[in-house]
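Q: Here's a structure for you.
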Amino acid sequence: MKKLSIQFTSVLLVGLVSSQLVGCATTTNKGAVGIDRSQFMMLSSKQVESLSSASYSQTLKTASDKKTLNTDPAVLARVRAISDRLIAQVPVYRADAASWKWEVNVEKNDQVNAYCMPGGKIMVFTGLIDKLNLTDDELAAVIGHEIAHALREHGRERMSLAYAQQGGLALIAAVIGSKKNAATSLDLAGKGTQLFFSLPNSRTQETEADRMGLELVAHAGYNPNAAISLWTKMGQNGSKKPAEFFSSHPADKTRIDDLSKLIPTVMPLYEQAKAGK
Ligand SMILES: [Zn+2]
């Protein structure tokens, strides 16, 4: 079994190098906030998206079985309406994202959390909305931040880095090597979920998602100032009861200061979006 996986890994490496997937580039336009960092990518978008899609499907099925998926039609409609307005603006950063298979769902879960998996698979936990009593503008700020992670392909970048550093090699090789049949798809989805959540965003990726998310909400006609009130609320909530979200999303002064400095840059976009309605 072990021998087989080593052999497979070699094949995979040769495959990756020969198909010239290794490289540095930037996944998005830089936007008004000026994000142009080169990104190290060893895995293809297609590989990462199929992984993400399988994980997301499994998450939906599990939640559905537990009767925690989209339990409140009004909350679902609210989250989808906000997400749709943000998704309509993604071509500002990359034209191809407009044709992604976007999905937006809500899970009844007390955790203060939300995410957007690679390829546009959004999940919002009810704990985020309820515990922080979020306004539409604040909810747009969280979802915009998560969409920005997906547009920048931060997940793919983290998996590529793990791959390069060998630590995640066996796991990624196993995931990519899984045959597409019913018996292994569950395993594949489980490993994908594990990968996505076990590799936290770096601080650099967080800053990029904050900045691009701020611009995205402005283009969609949501008040960018809500990002400040959102992270202030997050900080207050986090000090009472640390949630998983805070280990990767510290609501500290640096984050809030950085966002505050960029508000004048994106405010004209917000005014323009509001005037256009
Ligand atoms: Zn983030």
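Q: So, R0 is 35 Å and r is the distance between the beta-carbons of residue 263 and residue 46; what FRET efficiency does that work out to, to 0.05?
A: Efficiency for this residue pair is about 0.45.
Q: Given the Cα-Cα distance of residue 133 and residue 25 and 0.36 nm per residue of separation, how much length would full extension add, in nm?
A: Difference between extended and current length: 35.0 nm.
Q: Hey, which of these cross-link pairs are over 28 Å Cα-Cα: 67/131; 108/233; 46/66; 30/61?
A: 46/66; 30/61
Q: Right, next: Would you calculate the separation in nanometres between label points at residue 271 and residue 254, each defined as 7 Å from the Cα along the Cα-to-beta-carbon direction?
A: That separation, rounded to one decimal, is 3.3 nm.
Q: For residue 71 and residue 37, compute 0.36 nm times the residue count separating them, minus their Cα-Cα distance, and round to one decimal in nm. Please list the in-between numbers first.
A: Numbers: separation 34, 0.36 × 34 = 12.24 nm, distance 4.01 nm.
Additional length available on full extension: 8.2 nm.
Every number here is computed from the coordinates shown, using simple stated rules; none is lab data. Model, not experiment: these values are computed from the prediction. Every residue, glycine among them, receives a Cβ derived from its backbone with ideal geometry; neighbour counts consider all protein chains shown.
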